[in-house]
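The structure appears below as C-alpha cells.
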Amino acid sequence: MRPLFQTTADRLLGERVTPASREAAEQGEWPAALWQEIEDSGLTFALVREDFGGAEASWNDVFPIAVAAGKYAAPVPLLETLLVNALLDQADFEPPLGPSTLSTDTLTLADGRVSGTLENAAFARQADHVLCTVQDGERVKWALLKQSDGAISDEALNIAREPRDNLTFSNAKPVALLERPASTLDPLLAGGALMRAAQIAGALEAITNMAVEYAGERVQFGRSISKFQAIQQMLAQLAEHAALSYTATDRAFGEGLSDPDRLPLAVAKAVTSEAAGQGAQIAHAVHGAIGFTYEHALHHFTRRLWSWRSEFGSQSVWTSQLGRAACARGSASVWPAVTADRWTD
C-alpha cells in the first residue's frame with residue numbers, strides 16, 4: 001500500500017501545487033479545487049478503518065503522504081486532517097468529511113459545554129472541525145468541535161504565511177466527547193510532531209534538489225559553481241541533513257503512536273528540527289542573493305522549515321524528553337537503547 005500512496009501523493013501534489021498556488025494561498029485564497037482532489041483521492045482517510053470509508057493503512061504506509069506534503073509545500077491541512085481522522089478512528093468515532101485541524105491546548109468542559117481559546121491552530125479559519133483536549137473535572141477527554149461554533153479571535157500567520165489562528169469557544173456544544181487513550185504522552189502532541197518531522201524531511205529533499213540543480217547551472221569564473229570544493233562540501237552537508245531526517249522520520253512512522261516507547265519519535269523531531277535550520281542556511285548560501293528574492297521558489301520551503309521546526313515541540317523540547325527518559329532509566333540504559341533503537345526496559 002505504501003508505493004500506491006507515494007505515487008498518488010507525488011502525482012497529485014506535484015501536478016497541482018505550484019509556486020503560483022502557494023503565493024495565492026499566502027494572500028488568503030483557499031485552494032478549494034486542490035482540497036477536493038485530495039479528498040477524492042482518499043489520502044485524508046488513509047489511516048481510517050474500512051468500515052468508516054478509509055483504507056485501514058498503517059503509519060508506515062502513510063509516510064510518503066506526509067513527506068510529499070512537505071516536499072511540495074502543500075498549502076492545505078492535509079496532515080492535520082489525516083491525523084485528526086486517525087485519532088477519531090482510534091476513538092471509535094467516524095471521522096467527518098472536510099478539512100480538520102487540532103490543538104494541544106486544553107479547554108474547559110462544564111455541563112457538556114466547552115469554553116476557552118485554542119492558540120496558533122493550523123488552518124483554523126479553513127477547517128470544518130477541530131480536535132482538542134478538554135478537562136472534565138479530574139478526567140481528560142477529547143472534544144471534536146465545529147469550527148463555526150467558535151470565533152477566530154486573532155487571524156495570525158506563521159513566517160511562511162500559513163494560517164495559525166486563535167480560535168475561541170464559549171459554551172460550545174461538541175460534536176463528540178471521546179475518551180482519550182491512556183498514554184504517557186498526549187497523542188495530539190506526538191502525532192503533530194510526527195507529521196511536522198515528515199514535512200521537514202520532505203522540504204529538505206526539495207531544497208537539496210533545488211540547490212544541486214542551481215549549483216550545476218550557475219557559472220562563475222568560467223565554470224559551474226558545483227565544481228568548487230566549498231560548494232560541493234555544502235551540498236554534501238545538505239544532502240546529509242536531508243537523508244538523516246528522512247531516515248529518522250521513516251523509522252518513527254514505523255513505530256507510529258505506540259506507547260510507551262517514544263524514542264524514535266523524539267529522535268525524529270529533534271533531528272529534523274535541527275536539520276531544518278542548518279539545511280535552510282546551507283541552501284540559501286548556495287543560492288546566494290537570488291534565493292532571497294520573492295520570485296524564487298526557495299523561500300516557500302525555507303520559511304516553512306523555520307516555522308515547522310518549533311511546532312509541536314522544538315529541538316530542545318524533544319531532546320529534553322530524551323534526556324529525562326535516559327535519566328529515569330539510568331546511564332546503563334543509553335547504549336542498549338541506541339543499539340536496539342528503542343528503550344529496552
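Brief remarks on what is shown
- When the criteria are applied in full, ARG16 meets the requirement of being out of contact with any Phe, Trp or Tyr (no Cβ under 7 Å at 6 or more places or on another chain) and open to solvent by 50 Å² or more (accessible area, probe 1.4 Å).
- Being open to solvent by 60 Å² or more (accessible area, probe 1.4 Å) and more than 21 Å from the chain's Cα centre (by Cα) holds for only one residue in ILE282, ILE290, and it is ILE290.
- Residue in region 127-135 that is surrounded by fewer than 17 Cβ atoms within 10 Å (Cβ to Cβ) and within 26 Å of GLY70 (Cβ to Cβ) present: yes
Okay, residues lined up against (1) under 26 Å from ALA160 (Cα atoms); (2) modelled with pLDDT of 95 or more; (3) among the polar types (S, T, N, Q):
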residue: PRO64; (1), (2), (3): yes, yes, no
residue: ALA69; (1), (2), (3): yes, yes, no
residue: PRO77; (1), (2), (3): yes, yes, no
residue: THR104; (1), (2), (3): yes, yes, yes
residue: VAL114; (1), (2), (3): no, yes, no
residue: THR117; (1), (2), (3): yes, yes, yes
residue: ALA122; (1), (2), (3): yes, yes, no
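- Qualifying residue in region 33-50 (condition: surrounded by fewer than 19 Cβ atoms within 10 Å (Cβ to Cβ) and at pLDDT below 95): no
- Enumeration of residues in region 203-217 that are open to solvent by less than 10 Å² (accessible area, probe 1.4 Å) and either without any contact (Cβ under 8 Å) to a residue 40 or more places away in the chain or in contact with a Ser or Thr (Cβ under 9 Å, 6 or more places away or on another chain) (or both): ALA203, LEU204, ILE207, ALA215
- Considering region 218-240, and only residues there that are open to solvent by less than 40 Å² (accessible area, probe 1.4 Å) and closer than 26 Å to GLN199 by Cβ, the residue that is nearest to the chain's Cα centre (by Cα) turns out to be LEU238.
Each row is one residue, and each column tells you yes or no for (1) buried (at least 23 other Cβ atoms within 10 Å of the Cβ); (2) in a strand (DSSP E or B); (3) among the β-branched types (Val, Ile, Thr).
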{"site": "ILE152", "(1), (2), (3)": "no, yes, yes"}
{"site": "ASN166", "(1), (2), (3)": "no, yes, no"}
{"site": "ASN171", "(1), (2), (3)": "no, yes, no"}
{"site": "LEU194", "(1), (2), (3)": "yes, no, no"}
{"site": "ALA197", "(1), (2), (3)": "yes, no, no"}
{"site": "ILE200", "(1), (2), (3)": "yes, no, yes"}
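- In the condition set (1) under 26 Å from PRO264 (Cβ atoms); (2) of a type in the set (A, V, I, L, M, F, W, C); (3) assigned to a strand (DSSP E or B), LEU144 is compliant with all but (1).
- Residues located in region 189-247, provided they are touching a strand residue (DSSP E or B) at 6+ places or on another chain (Cβ under 6 Å) and over 21 Å from PRO77 (Cβ atoms): GLY216
The values are calculated or read from the model by the stated rules, or taken from the named source; none is laboratory data. Note that this is a predicted model, so its numbers are computed, not measured. Here the Cβ is made from the backbone with ideal geometry for all residues, glycine too, and neighbour counts use every protein chain on show. For the accessible areas, the whole protein counts, side chains as well, though only heavy atoms, and no ligand, DNA or RNA atoms are used. Shrake-Rupley method; radii C 1.70, N 1.55, O 1.52, S 1.80 Å.
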